[in-house]
1. Charges at C-beta only: +1 for Lys and Arg, -1 for Asp and Glu. How large is the resulting dipole of the chain about its Cα centre, in Debye rounded to 20?
2. LYS126: which lysines have alpha carbons under 18 Å from its alpha carbon, excluding same-chain residues fewer than 8 sequence positions away?
3. Express in whole angstrom the spacing between the alpha-carbon centres of the range 73-102 and the range 140-170.
4. Send over the Kirkwood Rh of the chain, from the inverse of the averaged 1/r over different Cα pairs, rounded to one decimal Å.
5. Counting other C-beta atoms within 10 Å, and keeping those with at most 13, which DSSP coil chymotrypsin sites (Phe, Trp or Tyr not before Pro) do you find in the range 1-104?
6. Fewest first, what order do ASP133, ASP27, ASP17, ASP74 take by the number of other Cβ atoms within 10 Å?
7. Take THR32, THR172 and order them by how many other Cβ atoms sit within 10 Å, fewest up front.
8. Would you kindly calculate the translational diffusion coefficient of the range 61-137, applying Stokes-Einstein with the Kirkwood radius from alpha carbon pairs, for 20 °C and a viscosity of 1.002 mPa s, and quote it in µm² s⁻¹ without decimals?
Amino acid sequence: MVPFFLSRENTGLLVVDVQEKLFPVLDSAVPTVNKILMAIRGCRFLNVPIVITEQCPRGLGPTVDSVKASLVKDQQPLVKTTFSCLGDDVIKKTILSMSVTQWIVVGIEAHVCVLLTAKDLLDAGKQVVVAADATTSRSAADAIRAHQEMRDSGVRVSGVETILFELLGDATSPQFKEMSQLVR
């Protein structure tokens, strides 16, 4: 992997499948969703575009309420049946048509949809950073293996706070106070 720094102008946030019926069976569900919310709010402060997906919502339910409430008004999740977000033609077209070359990926499950999406984003020529603290699986061991596989594949694995402050760049930024309050 070639090291890279995120820039606000080139970065998007992809929130993968944070759905009601998965939530109760996840390892560290509450702390993970709190980090996902932090990522969404921080990206909103910085005007970073956000894309959200749902995997088979008829079976897995809708996006959890707290995540839906943190998005811009009327933003609807893109629905898929494929495990990789880029396996769905509509989502792939949406993502690849954006002027985003760097993607932050958060969501569930780390060892399936997040992993396969991250690898497909790399194959599409994008730089990818996965926030390990904002991804999880039903099993902690599955999430750990997924993070390692992502790193081995060329995905940068980091944490939400690191990512947000990297995007912020400087304590003199107008969003610094909001961001500092967000991560406390």
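1. Numbers: 19 positive and 20 negative charges, 47 e Å.
The calculated dipole for the chain is roughly 220 debye.
2. LYS92, LYS93
3. 20 Å
4. After inverting the mean inverse Cα-Cα distance, the result is 16.1 Å.
5. Passing both the DSSP loop test and the Cβ count: PHE4, PHE5.
6. Numbers: ASP133 21, ASP27 18, ASP17 24, ASP74 5.
In increasing order of surrounding Cβ atoms, one gets ASP74, ASP27, ASP133, ASP17.
7. Ordered by Cβ neighbours within 10 Å, fewest first: THR172, THR32.
8. 162 µm²/s
Every number in this text was worked out from the coordinates using simple rules, so none of it is lab data. Note that the coordinates shown come from a computational prediction; the quantities given were computed from them, not determined experimentally. Note that we place each Cβ from the backbone using ideal geometry, even for glycine, and neighbour counts take in every protein chain shown.
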